[in-house]
Amino acid sequence: MRKLLRRVLALFAAIGASLPGFAWASGETATNLVVVADTRRVSGVLKYIANVYNTDPWLFAVWAVVITAVWGAILGFLMDFIMERSGLDLRSRKILEH
Amino acid sequence: MDWLYMYMPIAGVNIFWPGLVLIGFSVGTIGGFFGMGGAWMVTPGLNILGFPMAFAIGTDMAHIAGKSMISTMRHAKFGNVDYKLGFIMVIGTFIGIEVGAQLVMYLERLGRIDAVVRYVYVIFLALIAFMVFYDYAKAVQKKKAGAVEGERGTEGITWYKAFHKLNIPPMVHFKTAGFTCSAWLPSGVSFLTGVLAGFLGIGGGLFRMPALVYLIGCPTHIAVGTDLFEVMISGLYGAFTFSLKGRIELVAVFVMLTGAAIGAQIGTVATKYAKGYGIRIAFGIAVICCMISIILKQFGFSNSSAALILTTIGLMCVYISAIMFKGAAAELREKKAGKQAGHPLS
């Protein structure tokens, strides 16, 4: 089994080592891709987000993290509130591997 | 049927939004059960729905951060999260994710990111699947031979025992997980899994969950909870770094999170009624299906790939939901019977 494991690992290592070759063989290098959000088809909050995306990447990144965390927390508390009313014991469990 | 499509201003594509809710729900269920973000399903899923790969990766990162937050809150109440272990792993994860994300940007400039990401995915999925089934086969073999090891029962792979012998200070005791090891072990493992996470645009749970079990030595349930805590933090950091690089679609994140909030409850509560090896085997099967779907896509069989991944996600959701609802119904029946007998169970 150890011999088989060694062979499998060697195979993965060989494939992994060849990856940069695949990438380089792909052709000419491209320049940095610049994406611009289309603000013409959206309005309200979506327009604000699209504008921030186009003008201030740092502010956009901060907004992305803050809004994701806040939305996750709101949904988490809401679901917790609902689940607590199911009558299940949601504070203890047994650890069984088999 | 235009109302079923939502315009994504940053990626510039019209997306079938019920597909986003369904992906969120499914990944919430599966991720909460296996202890990971579930990005290995989301990234190809978003790609199938029409997002370019780089956008699929960034969007995925933010979504798994929010979803893991919901699952972690639930796991924490069960006592499945070892915060000390989680915090120690955070630094290695952060550095690793940044290294991986830089690698993605480099490959994007080379113009072959889609193919390379898929190759790396396949290699590591194969490795994980092999490890899971090898562990199970070995555990069954040992059990048949009558070997019982320690309080966890018969185990297949016990590499963590060798790693625990590494006596490099500082040595740390992890109370919730129930073992002592060098702080360098979780730090090193988290760095390596972080590099893969940043590169593949996933929270890293796919690699960290088995690593926590096989290399660090966590019981499966603690690995699931602690890993989700890690995925939450690494996902938030990943969301920040990918937002800075302009490869994220926030609108899609919120739509997916709404579905994920419900799924996460089902998946997390299901772990209460599942056994450790049951979780591991289901995990291994899902990994194999995911690997085959990526291979199919690489060779141009996109429809077959999409069908396989959607079928896998669907069946896994049914399996996990069945465990949860069956377990919950039994618990409620037991409580009711206890009350009727005059001995209410707490």
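Here, each number is a calculation from the coordinates, and none is a lab measurement. Quantities reported herein were computed from a predicted structural model and do not represent experimental measurements. Note that each Cβ is placed from the backbone with ideal geometry, even for glycine, and that neighbours are counted across all protein chains shown.
For this structure, a couple of remarks:
- Long-range amide H partners of B:V13 with built H, under 5 Å: B:M8
- Distance between the pseudo-spin-label points of B:T258 and B:I168 (7 Å out from Cα toward the beta carbon): 4.8 nm.
- log₁₀ of I(q)/I(0) at q = 0.12 Å⁻¹ - the protein assembly as shown, Debye sum with one point per alpha carbon: -1.00
- Relative contact order (%) - criterion: Cα under 8 Å, at least six apart; region: region B:2-340: 34
- Of the DSSP H helices in chain B, those whose Cα atoms cover at least 15 Å axially and whose Kyte score averages 1.0 or more: B:17-34, B:83-110, B:184-200, B:220-244, B:250-273, B:276-298
- Candidate cross-link partners of B:K138 among the lysines, defined by an alpha-carbon separation under 19 Å and a same-chain spacing of 8 or more, comprise A:K3, B:K161, B:K275.
- FRET efficiency, 1/(1 + (r/R0)^6) with R0 30 Å, evaluated for B:T311 and A:T55 via beta carbons: 0.10
- Residue-count net charge about B:G38 - beta-carbon cut-off 12 Å; Lys, Arg +1, Asp, Glu -1: -1
- In plain terms, chain B is cut at each of the GluC sites (Glu not before Pro) found in a DSSP loop with at most 15 other Cβ atoms within 10 Å, and the longest leftover piece is B:152-346.
- In loop segments of region B:237-340 as defined by DSSP, the chymotrypsin sites (Phe, Trp or Tyr not before Pro) with at most 16 further C-beta atoms inside 10 Å of their C-beta are B:F299, B:F301.
- Selection from B:I23, B:Y5, B:M53, by position along the positive dipole direction of region B:2-340 (Cβ): B:I23
- For region B:2-340, the mean projected area of the C-alpha convex hull, equal to one quarter of the hull surface, is 18.7 nm².
- For region B:139-293, a crude dipole built from +1 on the beta carbon of Lys and Arg and -1 on the beta carbon of Asp and Glu, taken about the Cα centre, is about 360 debye to the nearest 20.
- For the pair B:K161 and B:A76 in one chain, pulling the backbone fully straight at 0.36 nm per residue adds 28.0 nm over the alpha carbon distance.
- With a simple spin-label model that places each label point 7 Å from the Cα along the Cα-to-Cβ direction, the separation between B:A322 and B:Y83 comes to 3.8 nm.
- Per-residue ellipticity at 222 nm, computed for chain B from helices alone with -39500 (n - 2.57) per DSSP H run of at least four residues, works out to -25500 deg cm²/dmol.
- The spacing between region B:54-94 and region B:282-346, judged by their C-alpha centroids, is 21 Å.
- With eigenvalues of the C-alpha gyration tensor scaled by 5 and rooted, region B:167-304, Å: 28, 20, 17
- Principal axes of region B:42-133: Cα extent on each, largest first, Å: 45, 28, 28
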